[in-house]
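Below is one structure, written out as structure tokens; comments come after it.
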Amino acid sequence: MTLTGEMLIGFAAVRGSEGSQAAFNPATHAEIPEPTFGLGGPAEVDRAARLADDAFDAYRQAPLSRRASFLEAIADNIVAIGDELLARAHAETGLPMARLTGERARTVGQLRLFAKVVRDGHFLNATIDPAQPERKPLPRVDLRLAKLPLGPVAVFGASNFPLAFSVAGGDTASALAAGAPVIVKAHSAHLGTSELVGRAIQKAVKDQGLPEGVFSLLIGAGRKLGEALVAHPAIKAVGFTGSRQGGLALVKIANARPEPIPVYAEMSSVNPMFLLPGALAARAEAIGKAFADSLTMGAGQFCTNPGLVLAVDGPDLQRFLAAAAEALAGKAAQTMLTPGIHDAYCSGVEKIGAAAGVERVAQGAAGGDQPNAAQAVLYVTDAGRLLENPELENEMFGPASVVVRAANVDELLRIAEHVEGQLTVTLQIEAADHADAKRLLPVLERKAGRILVNGFPTGVEVSHAMVHGGPFPSTSNAMFTSVGASAIDRFLRPVSYQDFPDALLPEALRQGNPLGLWRLVDGDIRQA
């Protein structure tokens, strides 16, 4: 497929007139000369948003089977691009081909998961309370409930996942599954990758005979285009993965609108790992080695990176540190996604290393002349320093972590109460630790969206039971997840129909149950 550097607004390919930008290869620290990408502005936002608004009712009312086929067609089209997609993503991100191959599989897998979710129809939450005209002292009216999409959704591509959290990523897949048109703002770190995937979606819209406003892809430098997109009255929700600063800026714009809208922003998390005494005694070396692997995966550029480790001080913790240090020493420096991310990582590492009471105990191989290469670093401090210095809990977004020595389990509990909201918390435990784990769990349940036992947080399964979200500041809304089947709930709202003629009801609520759904009827789950 030939890249053109154009935006995709409905069925049109549009060259932006607000300047141009070349893609960038972080591994060579050089621009990719062809093509350059035309940048859009408020005029392109308005055009895409109006098309999305016009398409909304027709798209949401399309049969569920057609919506599911559309999602599957997007997945098939992405696979059909072939190695060209992986090669372009590799050039724009520096990520290894094996990682990108897996990420493509995850991207098409979540599209197909949401196709199944749509066909099942459970997401509609079809609920029927039949009329009871003979009820005393007052009759009951006929009430029926189903969930409907909010309206057009703005999605911001993420820097660290050029496929799975970008143009056809989880936010886009779940919004389209809900019946909401989507406008994506491409991330500037992978412009060519975004165009390739955007054209795959655009083709699926055409081939399925859907309204052209169901999907658009915009390109813009800085914040101007994104701010205009969130502020546009046709947009009814926002999906974002990125920094706390960026997420809160979008929340502020959304709340200042005449009609405020929800922003589902996944922001910062250091994903604490609690190494309880029994686990350290039994397998400190194994935990240390596996921790180093998790910490350095993808150059540490995961929102679930284990950036904080908490344990009771003693010989077993020293065994963990020695094993982690040995493993990290053998880790090569890795290219980071952008020069800006690399600079921010280096600055964060420098600040932590200069903090009082912090000791660097391990590091990976230096990058040498390799551009934008992140060197892994491990620091140690004590619980008192952590409780006094909020900077020690800052996300460094890279292969760096802070180990905190606690005097006892009571001090671990104090730290658990102290830390901010997180995407994940991990417990390394043995049977002897169960009593201490039970003390920690009520606190951790308040602090995180996912709690792991004897694993590492950097793997996020795309499934029905996954939660990838958590209390602020890990996300802007802890009630929802951005990964997994229930991510669709972010873009739906309930509507109740009272005493409606059967012919006017949504199919999901009609008397004969033409969709064959399992429905809650008078409090009982039935397929009738």
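The values are calculated or read from the model by the stated rules, or taken from the named source; none is laboratory data. Predicted model only: the values in this text are computed from it and were never measured. Glycine gets a Cβ as well: all are built from the backbone with ideal geometry, and neighbour counts include every protein chain shown. Side chains are part of the model used for accessible areas, which takes the heavy atoms of the whole protein and leaves out ligands, DNA and RNA. Shrake-Rupley method; radii C 1.70, N 1.55, O 1.52, S 1.80 Å.
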Among what's in segment 198-218 and is open to solvent by less than 10 Å² (accessible area, probe 1.4 Å) and farther than 23 Å from residue 232 by Cβ, pick the residue that is farthest from the chain's Cα centre (by Cα). 204
Segment 251-282, subset part of a helix (DSSP H, G or I) and without any contact (Cβ under 8 Å) to a residue 40 or more places away in the chain, residue farthest from residue 490 (Cα to Cα): 256
Between residues in segment 299-321 that are surrounded by 24 or more Cβ atoms within 10 Å (Cβ to Cβ) and residues that are basic (Lys, Arg) and part of a strand (DSSP E or B), which pairs lie under 8 Å by C-beta distance while being six or more apart or on different chains? 311/405
Quick check on residue 105: is it part of a helix (DSSP H, G or I), under 19 Å from residue 487 (Cβ atoms) and either modelled with pLDDT of 95 or more or open to solvent by less than 10 Å² (accessible area, probe 1.4 Å) (or both)? yes
Select from segment 485-515 the residues that are in contact (Cβ under 8 Å) with a residue 40 or more places away in the chain, outside any helix (DSSP H, G or I) and among the small types (Gly, Ala, Ser) and list them in ascending order. 496
Restricting segment 336-380 to residues that are touching a strand residue (DSSP E or B) at 6+ places or on another chain (Cβ under 6 Å) and hydroxyl-bearing (Ser, Thr, Tyr), the residue that is nearest to residue 92 (Cα to Cα): 345
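Report whether or not residue 277 is closer than 25 Å to residue 418 by Cα and at pLDDT 95 or above. Steps first, please.
Working: closer than 25 Å to residue 418 by Cα: yes; at pLDDT 95 or above: yes.
Against the criterion (closer than 25 Å to residue 418 by Cα and at pLDDT 95 or above), residue 277 qualifies.
For residue 15, state whether it is without any contact (Cβ under 8 Å) to a residue 60 or more places away in the chain, closer than 24 Å to residue 237 by Cα, among the charged types (D, E, K, R) and open to solvent by 20 Å² or more (accessible area, probe 1.4 Å). First the steps, then the outcome.
On the way: without any contact (Cβ under 8 Å) to a residue 60 or more places away in the chain: yes; closer than 24 Å to residue 237 by Cα: no; among the charged types (D, E, K, R): yes; open to solvent by 20 Å² or more (accessible area, probe 1.4 Å): yes.
In short, no.
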Among residues of segment 1-35, those that are in contact with a Leu (Cβ under 9 Å, 6 or more places away or on another chain) and among the hydroxyl-bearing types (Ser, Thr, Tyr), counted: 2
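Quick test for you: out of 410, 369, pick the one residue that is part of a loop (DSSP other than H, G, I, E, B) and not aromatic (Phe, Trp, Tyr). I'd like the intermediate steps shown before the answer.
On the way: 410 fails: part of a loop (DSSP other than H, G, I, E, B).
Every option except 369 fails the conditions.
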Take the residues of segment 234-249 that are assigned to a loop (DSSP other than H, G, I, E, B) and under 21 Å from residue 161 (Cα atoms): which is least open to solvent (accessible area, probe 1.4 Å)? 242
Exception for residue 30 within (1) within 22 Å of residue 339 (Cα to Cα); (2) hydrophobic (A, V, I, L, M, F, W, C); (3) open to solvent by less than 30 Å² (accessible area, probe 1.4 Å); (4) touching a strand residue (DSSP E or B) at 6+ places or on another chain (Cβ under 8 Å) falls at (3)
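Taking segment 1-12 only, how many residues are surrounded by 17 or more Cβ atoms within 10 Å (Cβ to Cβ) and in a loop (DSSP other than H, G, I, E, B)? Show your work before the answer.
Step one: list which residues in segment 1-12 are surrounded by 17 or more Cβ atoms within 10 Å (Cβ to Cβ), which gives 3, 5-10.
Filter again for in a loop (DSSP other than H, G, I, E, B), leaving 3, 5-6, 10.
Count: 4.
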Could you list, ordered by first residue, the pairs with Cβ atoms under 6 Å in which the first is in segment 125-143 and closer than 14 Å to residue 523 by Cα and the second is of a type in the set (Gly, Ala, Ser) and open to solvent by 70 Å² or more (accessible area, probe 1.4 Å), at least 6 apart or interchain? 143/496
Considering every residue within segment 178-198, establish whether at least one is in contact with a Leu (Cβ under 8 Å, 6 or more places away or on another chain), without any contact (Cβ under 8 Å) to a residue 40 or more places away in the chain and not aliphatic (A, V, I, L, M). yes
Would you mind telling me which numbered condition in (1) touching an Asp or Glu at 6+ places or on another chain (Cβ under 9 Å); (2) over 20 Å from residue 418 (Cα atoms) residue 492 fails? (1)
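Residues checked against (1) over 23 Å from residue 209 (Cβ atoms); (2) among the aromatic types (Phe, Trp, Tyr); (3) more than 25 Å from the chain's Cα centre (by Cα):
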{"residue": "2", "(1), (2), (3)": "yes, no, yes"}
{"residue": "22", "(1), (2), (3)": "yes, no, yes"}
{"residue": "30", "(1), (2), (3)": "yes, no, yes"}
{"residue": "34", "(1), (2), (3)": "yes, no, yes"}
{"residue": "43", "(1), (2), (3)": "yes, no, yes"}
{"residue": "56", "(1), (2), (3)": "no, yes, no"}
{"residue": "60", "(1), (2), (3)": "no, no, no"}
{"residue": "72", "(1), (2), (3)": "no, no, no"}
{"residue": "80", "(1), (2), (3)": "no, no, no"}
Residue 45 vs (1) surrounded by fewer than 16 Cβ atoms within 10 Å (Cβ to Cβ); (2) more than 28 Å from residue 508 (Cα to Cα): all pass except (1)
